[in-house]
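The values are calculated or read from the model by the stated rules, or taken from the named source; none is laboratory data. Computed from a predicted model, the values in this text were never measured in an experiment. Note that we place each Cβ from the backbone using ideal geometry, even for glycine, and neighbour counts take in every protein chain shown. What goes into the accessible areas is simple: the full protein's heavy atoms, side chains included, and nothing from ligands, DNA or RNA. Shrake-Rupley method; radii C 1.70, N 1.55, O 1.52, S 1.80 Å.
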Amino acid sequence: MNHELFHYESRSLAEFGLAWTAVLVLVLYVFAAVVSGRRFKPWPLYRYVCWFFGIGSAAVAVIGPLAHRGHTVFAAHMTGHLLLGMLAPLLLALAAPMTLLLRALPVPWSRKLSHALKSRPLAILTDPVITSLLNIGGLWVLYTTDLYMMMHQNAIIHILVHVHVFWAGYLFTVSMLYVDPAPHRTGFLYRATVLVLALAGHGILSKYIYAHPPAGVSGIQAEQGGKLMYYGGDAIDVVLIFMFSLQWFKAARPRMRVAAKA
């Protein structure tokens with residue numbers, strides 16, 4: 001009983017901290033947009049929308065009824081995975097937070113941040129292959145080992161898994177879509193190849209879950225969660241693929257015009 005009470009209190013404390021963190025980053029984003037708007041052109045409205053819905057998606061996944069149901073209902077857990085690890089990272093990437101930060105900071109600080117973005121460790125961390133291994137590989141570890149059961153028994157592991165799911169999803173997204181400044185750019189063909197393989201890995205995992213339930217998950221719940229992961233993931237991936245294709249088309253368009261004139 002004491003163990004259950006400790007786990008409940010730890011979870012409540014974590015949710016309280018996450019709730020205030022969500023509010024804080026929302027306020028800081030608006031503040032940065034207002035500050036940068038005084039020095040440059042106004043920050044686009046659609047980026048506000050992406051940021052607010054991105055933070056909202058992440059918050060719903062870790063705070064409130066859905067997060068609570070995720071401890072006992074695998075479909076609810078999988079919904080949280082889609083929101084926290086896929087939809088929220090995509091929306092937040094489209095909100096271009098790094099661009100906004102570079103605009104809002106004083107020039108000396110912006111230069112230091114720009115220099116940090118060009119560092120070798122960050123180049124490795126944002127390589128599409130590395131981000132795919134962190135993202136898709138991490139999910140394979142979560143659902144094919146005892147880690148899934150352990151995360152629901154230990155508050156610290158639970159928090160760490162969610163932190164990893166979000167940041168791995170975000171790094172994967174920004175390694176594919178260049179919305180913010182990306183000093184370590186890779187080619188479209190390279191990214192497209194890795195993207196196809198990563199999406200295939202995600203789809204295969206959803207089918208594996210359907211046939212081989214994670215530890216502590218019933219067969220029926222695994223089937224529901226596997227279907228949700230497969231079709232829900234595809235829906236979000238369609239947007240990611242569209243944005244990636246659009247960037248590729250825009251990058252190739254100048255060359256197409258030159259070739260037409262020749």
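Observations, loosely collected:
- The set of residues in segment 33-73 being more than 20 Å from the chain's Cα centre (by Cα) and crowded, with 18+ Cβ neighbours inside 10 Å consists of ALA33, SER36, TRP43.
- Filter result for the condition that a residue is surrounded by fewer than 20 Cβ atoms within 10 Å (Cβ to Cβ) and in contact (Cβ under 8 Å) with a residue 40 or more places away in the chain, over ALA93, ALA123: ALA123
- Selection status of TYR190, among the aromatic types (Phe, Trp, Tyr), under 21 Å from PRO89 (Cβ atoms), in contact (Cβ under 8 Å) with a residue 12 or more places away in the chain and assigned to a helix (DSSP H, G or I): yes
- Among the residues of segment 168-186, none qualifies, meaning not one is in contact with a helix residue (DSSP H, G or I) (Cβ under 8 Å, 6 or more places away or on another chain), open to solvent by 50 Å² or more (accessible area, probe 1.4 Å) and assigned to a helix (DSSP H, G or I).
- Checking GLY64, GLY70, GLY54 one by one, the residue that is small (Gly, Ala, Ser) and closer than 23 Å to VAL179 by Cβ is GLY54 and no other.
- Residues within segment 8-64 that are of a type in the set (Ser, Thr, Tyr), modelled with pLDDT of 90 or more and within 27 Å of HIS152 (Cα to Cα), tallied: 1
- Number of the exception - ILE159 against (1) in contact with a helix residue (DSSP H, G or I) (Cβ under 6 Å, 6 or more places away or on another chain); (2) at pLDDT 90 or above; (3) part of a helix (DSSP H, G or I): (2)
- Leading residue by the ranking (farthest from MET229 (Cα to Cα)) among those in segment 187-200 that are open to solvent by 60 Å² or more (accessible area, probe 1.4 Å) and touching a helix residue (DSSP H, G or I) at 6+ places or on another chain (Cβ under 8 Å): TYR190
- Checking each residue in segment 234-249 for being touching a residue at least 12 places away in the same chain (Cβ under 8 Å), open to solvent by 50 Å² or more (accessible area, probe 1.4 Å) and over 25 Å from LYS207 (Cα atoms) picks out only TRP248.
- Residue match in segment 139-150 (condition: of a type in the set (A, V, I, L, M), in contact with a Gly (Cβ under 6 Å, 6 or more places away or on another chain), open to solvent by 40 Å² or more (accessible area, probe 1.4 Å) and within 20 Å of MET78 (Cα to Cα)): yes
- LYS207 meets all of the listed conditions (1) exposed (fewer than 15 other Cβ atoms within 10 Å of the Cβ); (2) closer than 26 Å to PRO97 by Cβ; (3) of a type in the set (Lys, Arg) but one, namely (2).
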